[in-house]
Amino acid sequence: MRQKIIFSGLVITGLIICCLTGCKKKISTADSAFYYWKTTLLLDKPQADLLKGAADNQLYVRLFDVIWDEQKSDVRPNAIISINQDVSQFHIVPVIYITNKTFEKLSPDQTGPLAEKVNKLINEITAQNKISYQRVQIDCDWTTGTKNRYFAFLKTFKELNRKQLEATIRLHQVKYADRTGVPPVDKGLLMFYNMGKISANLKQRNSIYNTTDAAKYVKYLPLYQLPLDIALPLFSWAIQIREGKVIQLYGKIGQQELSDRANFQQTAQSNVYKANKSFYLSGVYIKENDVFKLETVNQKLLDQAAYQLSKHLAHLEKRNIIYYELSTNAAAALKAEDIKEVSAHF
């Protein structure tokens, strides 16, 4: 009897120790957020509900692009957002997209004036819409050739804006950081998508995300010299293929359009469709026998991406997981609980 009591005591003690140490489930400290990339900000009720339920109204909003105007041989803002609703309940982070061509064309002494213009326009838009912000994100796919001018722009912008500055980071910029450099910002935003090859090969892996292509990059993450937030894909696109060649990529052609049997027939592959006739679809010319390969992201794929990525990230006390983006059909197909489950990997 005494041996049984001792044994039971040891088991209970072991369970207590296990619960306090190795068996304790990791508690996520990550916050969820969404990107919004359309030129008009006006959320419908499902979008507003998802934003609130999944992300506590954390929204990264693209305010405008900066492009190179060939006719004027100068930079200019493009696609400036129109905010058509009260946004006081949202926690907004301004995002500015700058084309790499802008920095290819600018001379080094023009980066300072560009930083002034960008900062001025951000503050004008946020003031007009009563947006109080604490950080800004700059999105630019810089190269080794534009690195110095882009980084100079970031330094000047940081001095002018005086808020936390973030920059988007592509996977190749992590893998080849010794060549592309690390931007002089407070935090990076790793874009964990668009990693595969867009190909006419119908058996090619999903180019938005797949574990095989992702594996080529994730091992470099622990060495990257910036704290990283994460952007995960929440979109789909259709690859138009004609006579064995890729014609174009369309985000506005999805499952609903391709399932219209008057226009398309599904092939033996569930995500591949063939045009029955020649016609126009939302301004896109589709020729008879054109093939469309639909690449999508669902919760299962998001879960795979989050699990794979989380194992390679350097520790960060507080990380933002930002889903690109709120207005897509892929986002509409998910519930707040789905998003929270994915973010819980971090």
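Taken together, the residues in segment 113-137 that are farther than 17 Å from Arg76 by Cβ, surrounded by 13 or more Cβ atoms within 10 Å (Cβ to Cβ) and not polar (S, T, N, Q) amount to 4. Of the residues in segment 141-163, none is of a type in the set (Ser, Thr, Tyr), closer than 23 Å to Ser82 by Cβ and outside any helix (DSSP H, G or I).
Restricting attention to segment 120-135, which residues are within 22 Å of the chain's Cα centre (by Cα) and polar (S, T, N, Q)?
Gln134 - this is the single residue of segment 120-135 that is within 22 Å of the chain's Cα centre (by Cα) and polar (S, T, N, Q).
Screening Leu309, Leu326, Leu301, Leu334 for residues that are of a type in the set (A, V, I, L, M, F, W, C), modelled with pLDDT of 95 or more and over 22 Å from Ser28 (Cα atoms) leaves exactly one candidate, Leu326.
Yes/no per residue for (1) open to solvent by less than 10 Å² (accessible area, probe 1.4 Å); (2) over 21 Å from the mean Cα position of the chain (by Cα); (3) among the hydrophobic types (A, V, I, L, M, F, W, C); (4) at pLDDT below 95:
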{"residue": "Asn57", "(1), (2), (3), (4)": "no, no, no, no"}
{"residue": "Val66", "(1), (2), (3), (4)": "yes, no, yes, no"}
{"residue": "Asn78", "(1), (2), (3), (4)": "no, no, no, no"}
{"residue": "Ile81", "(1), (2), (3), (4)": "no, no, yes, no"}
{"residue": "Ile98", "(1), (2), (3), (4)": "yes, no, yes, no"}
{"residue": "Phe103", "(1), (2), (3), (4)": "yes, yes, yes, no"}
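Criterion applied to Val297, Val342 was being of a type in the set (A, V, I, L, M), within 17 Å of the chain's Cα centre (by Cα) and assigned to a loop (DSSP other than H, G, I, E, B), and the one residue passing it is Val297. Would you check if Asn148 is of a type outside the set (Phe, Trp, Tyr), farther than 24 Å from Phe192 by Cβ and crowded, with 19+ Cβ neighbours inside 10 Å? Considered against the rule, which asks whether it is of a type outside the set (Phe, Trp, Tyr), farther than 24 Å from Phe192 by Cβ and crowded, with 19+ Cβ neighbours inside 10 Å, Asn148 comes out as no. Screening Leu232 against (1) within 30 Å of Ile247 (Cβ to Cβ); (2) surrounded by fewer than 20 Cβ atoms within 10 Å (Cβ to Cβ) leaves a single unmet condition, (2). All conditions in (1) closer than 15 Å to Asn329 by Cβ; (2) part of a strand (DSSP E or B); (3) of a type outside the set (Ser, Thr, Tyr) hold for Ile239, with the sole exception of (1).
Are any of the residues in segment 190-199 small (Gly, Ala, Ser) and crowded, with 17+ Cβ neighbours inside 10 Å? Don't jump to the end; show me each part of the working.
Residues of segment 190-199 that are small (Gly, Ala, Ser), as a first pass: 196, 199.
Checking which are crowded, with 17+ Cβ neighbours inside 10 Å leaves us with 196.
Yes, because at least one residue in segment 190-199 is small (Gly, Ala, Ser) and crowded, with 17+ Cβ neighbours inside 10 Å.
The set of residues in segment 235-274 that are exposed (fewer than 15 other Cβ atoms within 10 Å of the Cβ) and of a type in the set (Asp, Glu) comprises Glu243, Asp260.
Only one residue in Lys318, Lys277 is assigned to a loop (DSSP other than H, G, I, E, B), farther than 27 Å from Asp56 by Cα and open to solvent by 70 Å² or more (accessible area, probe 1.4 Å). Which one?
From the options Lys318, Lys277, the qualifying one is Lys277.
The values are calculated or read from the model by the stated rules, or taken from the named source; none is laboratory data. The structure presented is a predicted model; accordingly, all values stated were derived computationally and were not measured. No Cβ is skipped: glycine too gets one built from the backbone with ideal geometry, and neighbour counts run over all protein chains shown. Accessible surface is based on the protein model in full, side chains and every heavy atom, while ligands, DNA and RNA are left aside. Shrake-Rupley method; radii C 1.70, N 1.55, O 1.52, S 1.80 Å.
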